[in-house]
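The values are calculated or read from the model by the stated rules, or taken from the named source; none is laboratory data. Being a predicted model, the structure only gives us computed values, none of them experimental. No Cβ is skipped: glycine too gets one built from the backbone with ideal geometry, and neighbour counts run over all protein chains shown. Only protein heavy atoms, including side chains, enter the accessible area calculation; ligands, DNA and RNA are left aside. Shrake-Rupley method; radii C 1.70, N 1.55, O 1.52, S 1.80 Å.
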Amino acid sequence: MDDQLNIYREAEKTADLTTKQKLIFQSAIELFSNQGYANTSTKQISEHAGVSEGSIFRKFQNKEELLMAILEPLTHKILPQDINEFSHTAYRDGNLNLKYFLTTMTNDRIQLYKQNHKIMKIFLNEFIYNQHIHDRLIDSIPKKSFEQFNEVLDYLKKKQLLIDWDNLEIFRFLASNILGYIIQHYIIADTKEWNEPLEIEHVTDFIVNGLTPTN
């Protein structure tokens, strides 16, 4: 695997791929990213990889399982593996605030996209437009990630630093704004230059204002 595919080195389905299987995997990423999952056949993948079509089914069973092998490792990183990894000191000392938490999380997720842009493009397209795949991806997010995310949100609510909404609703609000920024600048063809640090700050400020209690 090349450097852009580091997230697969320890994934169960992809840690021990043969040379042929790596070619299949990388060809699928290339084609799914460029022309979409629905518009790509296993025959096209095998021809792009220079292997027989049967080689795909021996490892991945079918096209959907190949797609999930590509996307599932990413679901382990949609929420940080350990939220306290980037807020541990402030959280431990009782100084964690909403602005710091959201600024760090927003920047972290944007960097995740940049480092895995082809895979993230596939993820976003299928997550938004394919309900069946959407449901499978949600189910594959580790429960530990949600638990830690909820723990931080509950802490901020207790300190009256976060609006008292349901945590799932807060997650959706965060996701829609962060993904909206990514889609605008990285998915939709946007040839205009933009001041990325300033726009990220604006997105973060908007989220903070939306989630800060009014009283």
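Residues that are at pLDDT 90 or above and polar (S, T, N, Q) were ranked within region 135-171; the one that is farthest from I70 (Cα to Cα) is Q160.
Within region 136-159, the residues that satisfy the criterion of being more than 30 Å from N215 (Cβ to Cβ) and not charged (D, E, K, R) are L137, I138, S140, I141, P142, S145.
Out of K22, K13, one residue alone is assigned to a loop (DSSP other than H, G, I, E, B), out of contact with any strand residue (DSSP E or B) (no Cβ under 8 Å at 6 or more places or on another chain) and at pLDDT below 90. It is K13. When region 25-53 is filtered for residues that are assigned to a helix (DSSP H, G or I), without any contact (Cβ under 8 Å) to a residue 40 or more places away in the chain and open to solvent by less than 30 Å² (accessible area, probe 1.4 Å), the ones remaining, listed by number, are S27, L31, T42, I45, S46, A49. The residues in region 54-63 that are open to solvent by less than 50 Å² (accessible area, probe 1.4 Å) and either under 24 Å from the mean Cα position of the chain (by Cα) or closer than 12 Å to A28 by Cα (or both) can be counted, and the count is 3.
Restricting attention to region 166-199, the residues that are within 16 Å of L98 (Cβ to Cβ) and either in contact with a helix residue (DSSP H, G or I) (Cβ under 8 Å, 6 or more places away or on another chain) or in contact (Cβ under 8 Å) with a residue 40 or more places away in the chain (or both) add up to 7. Look at (1) closer than 18 Å to T104 by Cβ; (2) of a type outside the set (D, E, K, R); (3) in contact (Cβ under 8 Å) with a residue 60 or more places away in the chain and you find that S140 fails only one, number (1).
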